[in-house]
Amino acid sequence: MTRKEETVDQKYNPRNVEDKWQQHWEEAKTFAVTEDREKQKYYLLEMFPYPSGRIHMGHVRNYSIGDVIGRFKRMRGFNVLHPMGWDAFGMPAENAAIQNKSHPAKWTYENIAYMRGQLKKMGLSYDWGRELATCDVEYYRWEQKIFLQMYEKGLAYKKTSFVNWCPKCETVLANEQVEDGGCWRCDSEVNQKELDQWFFRITDYAEELLEWTNRLPGWPERVLVMQRNWIGKSFGCEIEFPLEGNADAIKVFTTRQDTVYGATFMSLAPEHPRAEELTTPDRKEEVDAFIEKVKKTDRIKRTAEDFEKEGVFTGSYCINPLTKAHMPIYLANFVLMDYGTGAVMAVPTHDQRDFEFARKYALPLQVVIQPEGETLDPLSMAAAFTEVGILTNSSQFDGLRSDSAKEAIADFLEQEGIGKKTVNFRLRDWGISRQRYWGNPIPIIYCKACGVVPVPDQDLPVRLPMDVEFTGEGGSPLAKIDSFINVTCPLCGQPARREADTMDTFVQSSWYFLRYCCPDLLDGPLDSERVDYWMSVDQYIGGIEHAVMHLLYARFFTKVLRDLGYITCDEPFTKLLTQGMVIKDGAKMSKSKGNVVDPNGLIDRYGADTARLFSLFAAPPEKDLDWSDQGVDGSFRFLNRVWKLVHDRLDLINNSKTVNLSALTGEERTLRRAVHKTIRKVTEDIEERFHFNTAIAAVMELLNVLQGAELATPQYGAVMKEALGSLVQMLAPFVPHITEELWQRMGHHTPLSETPWPDYDREAVVDDEALVVIQVNGKLRSKFTVPAGTDEETMKSIALADEKVLPFIEGKQVRKVICIPGKLVNIVVG
RNA sequence: GCGAGAGUGGCGGAAUUGGCAGACGCACCAGACUUAGGAUCUGGCACCGAAAGGUAUAGGAGUUCAAGUCUCCUCUCUCGCACCA
């Protein structure tokens, strides 16, 4: 080495250091793991990214947080599974293909290659041998098998339902793809179309999904609350209202059976299957016009709170089974077909929606609950009364409190055979059909003679054909590929058609964490033995935006796969961390705001360690992180100080032995105490609280101490050697490259990534003196130091004689002296 | 409207069990080294006050020897759900 190179080498050069160690980890396969039953397993997972092109700061933060935990747990002796992959199916690939006249597969795989390179530059401790992309046929083929097994069990089924439909693009749009009633792409007016769609019967698991929200203590409460709301369990009654002049009846669901005596009309969803039959000829024209109007309104608008309540009379009547009242049947735009039975008994006096509707259409009101000490008059009421009150006009139930009347009336309805107690869920089955190309084909064949025929096991996988043109018009590209669509029926051999729909991309992300346990398995989706070793995921980390959809679907799939016999765990994720957003200049980073920080530029300029350090130091993981370029400078500065301090002391520590504990001087003990207290704090902050910002702050404090410490004592070198070694070890999970390099330069032959986490010395952290504060009436007046273990009486007498304290107690009566040993004396005077 | 969370210096944030409010970092100020400084090092830095001291954790009440922390009320902000019968 020439002299010039030597001086360059003394300077912190992130690029050289990072390249060197990334290469080392890759070659040594440091992070590859297998099922080692001698060790305790730890499955750590961050939500896998969509390969959109390049990583953004949200990824940097998410994966930096995960990597601290992964590296820390490894150093603590756990067998850490830390995989990474790609959520690779989805619309952006198809849109890019349309725009660039390219192919979604090409676009996707190029993005993956680029982003993989970016992640590798961050030095993340992944077992890259387990990498998977959901658009690989080796992945999606097994999803098709699972689909067919679900189909066999009735968990996947087809039904007709209303969806947002763009007539120009000839495709289904998700709710979020409808903007102001128009198609987001071509602006055509979106309407409601009844389509045959595939569904997963998630509602079969509603009760279990809800129940387990009480058994996930490692999840943030707000996520659990969101899931409970989404599942939306409510208790009530189903009641039959007989039709007038007809033996049949209309069934309603209500949670307010206590108000049934006040039901004066009936409201049906416009999509209600009996709407047509109930419409009398003279009302037909008006009813049809109304139904048409509602169909044109998109769901989002229709369910907005301020949407005006409208309806139309069908001409038919039903009878209130308890009061025998004559109830006109209306169609109403606010009644939803997919909640309850799609029919509502309207009680205008005690439901605000019914109240507004009744006022608009001059329908009768009957008060059946009176607030205590007040009498409601239906004529002068300004709003519905929805609180608890006393029943009136309710036959034998008069005088009961409305809340207790619920049970009594429900029992009565059951006795009379006109109703029964039921539980209703808001959760609806999961519609997974997408009229898209870039997704997993649904493995189903339609035969004129045999009907719906599952693709036989030996014919799997149904591969996505590659020879497709992307024009952006005319619906699903798959439906137009004759070679794909036209097949022979596996049962009868006659010509048949393939299903052209693909599965929602949320299906792939519902089980990828299971496949990571055995990504190389060739003869099935999951290897039970391996999956059982690794599952559940001990720590899952990702954005709050997945609080409901992804996390609920993944929980559902885990239970389904359990019931199919693949796995034994009930829940996929033991602990969940939802990290905050990355903010700059008060707003989320976005191209339109022009406040995007590009990870590439950051890593080029400062290195991955600085990028990681800043995103961990600036805020605790679950809070939003305010990006600051100057803060990044600060993190870089810190790493330079660490680098310099170690190099300045290199000769000293390389010529020193290990500490001889029995021969430490007082100064050496003090220095050593700071080191071991820091180890204790950093360990606790990482392990118990994930408070990486305070852990890093503690190491910074230690650095400040070490920088100022220069002793002329015999064991100074030994103590400093231990101190710097510990400091480098403690920083390893945060900034793995620079610490590996320093560790090596300090003379270690085993890489830091193979070195256990330091333990603190329980004796070294014991203070030999304590700082005691003196308060007078709770206000700080003075301080003093005492040897550890000084008794209360001594502390009190020192405090009472303190010269700064005397003026505050002179001439006053000391009423009480509170003493907290080793901490505080509070003198109460009056 | 319902539900959840938050509110602390100029800024990001500390304060784990009720016991020194503001750790650590950024910015700023002064000094040192320097041809230079946007490098590095040293020191200062909540507010008012010359000082003694006083006042401060959104605002108000309360419990306590002692409250950022516990209780009640009010305000503001963020997120989620929202005609769910």
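For this structure, a couple of remarks:
- Selected residue (criterion: farthest from A:GLN744 (Cα to Cα)) from residues of segment A:626-655 that are within 7 Å of RNA strand B (Cβ to nearest atom) and either outside any helix (DSSP H, G or I) or in contact with a Pro (Cβ under 6 Å, 6 or more places away or on another chain) (or both): A:ASP626
- Long-range neighbours under 8 Å by Cβ, at least six apart or interchain, first residue touching a residue at least 60 places away in the same chain (Cβ under 8 Å) within segment A:10-39, second assigned to a loop (DSSP other than H, G, I, E, B) and of a type in the set (Lys, Arg): none
- Segment A:679-693, residues that are within 9 Å of RNA strand B (Cβ to nearest atom), in contact (Cβ under 8 Å) with a residue 40 or more places away in the chain and in a helix (DSSP H, G or I): A:ARG680, A:ASN693
Residue-by-condition table, conditions (1) buried (at least 19 other Cβ atoms within 10 Å of the Cβ); (2) touching a residue at least 12 places away in the same chain (Cβ under 8 Å); (3) within 24 Å of A:THR392 (Cα to Cα):
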| residue | (1), (2), (3) |
| --- | --- |
| A:PRO217 | no, no, no |
| A:MET226 | no, yes, no |
| A:CYS237 | yes, yes, yes |
| A:ASN246 | no, no, no |
| A:ARG256 | yes, yes, yes |
| A:THR259 | yes, yes, yes |
| A:GLY262 | yes, yes, yes |
| A:PRO270 | yes, yes, no |
| A:ARG274 | no, yes, no |
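- Any hit, segment A:364-379, residues being crowded, with 21+ Cβ neighbours inside 10 Å, part of a helix (DSSP H, G or I) and either among the acidic types (Asp, Glu) or within 16 Å of RNA strand B (Cβ to nearest atom) (or both): no
- Just one of the listed residues (A:SER656, A:SER615) is under 15 Å from A:GLU722 (Cβ atoms) and surrounded by 16 or more Cβ atoms within 10 Å (Cβ to Cβ), and it is A:SER656.
- Test: residue in segment A:31-54 that is surrounded by 15 or more Cβ atoms within 10 Å (Cβ to Cβ), modelled with pLDDT of 95 or more and assigned to a helix (DSSP H, G or I): no
- Hey, A:ALA304 at pLDDT below 95, within 13 Å of RNA strand B (Cβ to nearest atom) and closer than 25 Å to A:GLY419 by Cα or not: no
- Sole exception among (1) under 30 Å from A:GLU211 (Cα atoms); (2) in contact with a Cys (Cβ under 6 Å, 6 or more places away or on another chain) for A:HIS550, by number: (2)
- If you filter segment A:766-798 down to residues that are within 12 Å of RNA strand B (Cβ to nearest atom) and of a type in the set (Gly, Ala, Ser), you find that the one that is farthest from the chain's Cα centre (by Cα) is A:SER782.
- A:ALA449 meets the conditions (1) within 30 Å of A:PRO490 (Cβ to Cβ); (2) small (Gly, Ala, Ser); (3) assigned to a helix (DSSP H, G or I) in every case but one. The failed one is (3).
- Answer residue from segment A:239-275, given it is within 17 Å of A:LEU391 (Cβ to Cβ) and assigned to a loop (DSSP other than H, G, I, E, B) and is farthest from RNA strand B (Cβ to nearest atom) among those: A:THR264
- Meets criteria (modelled with pLDDT of 90 or more, under 30 Å from A:ARG612 (Cα atoms), more than 13 Å from RNA strand B (Cβ to nearest atom) and exposed (fewer than 13 other Cβ atoms within 10 Å of the Cβ)) for A:THR739: no
- Taken as a whole, the structure leaves A:LEU564 outside the set of residues that are crowded, with 24+ Cβ neighbours inside 10 Å, aliphatic (A, V, I, L, M) and modelled with pLDDT of 95 or more.
- Considering only residues in segment A:278-301 that are out of contact with any strand residue (DSSP E or B) (no Cβ under 9 Å at 6 or more places or on another chain) and more than 16 Å from RNA strand B (Cβ to nearest atom), the one that is modelled with the lowest pLDDT turns out to be A:GLU292.
The values are calculated or read from the model by the stated rules, or taken from the named source; none is laboratory data. Since we're looking at a predicted model, the values are computed, not measured. Here Cβ is always computed from backbone atoms with ideal geometry, including for glycine, and neighbour counts include all displayed protein chains.
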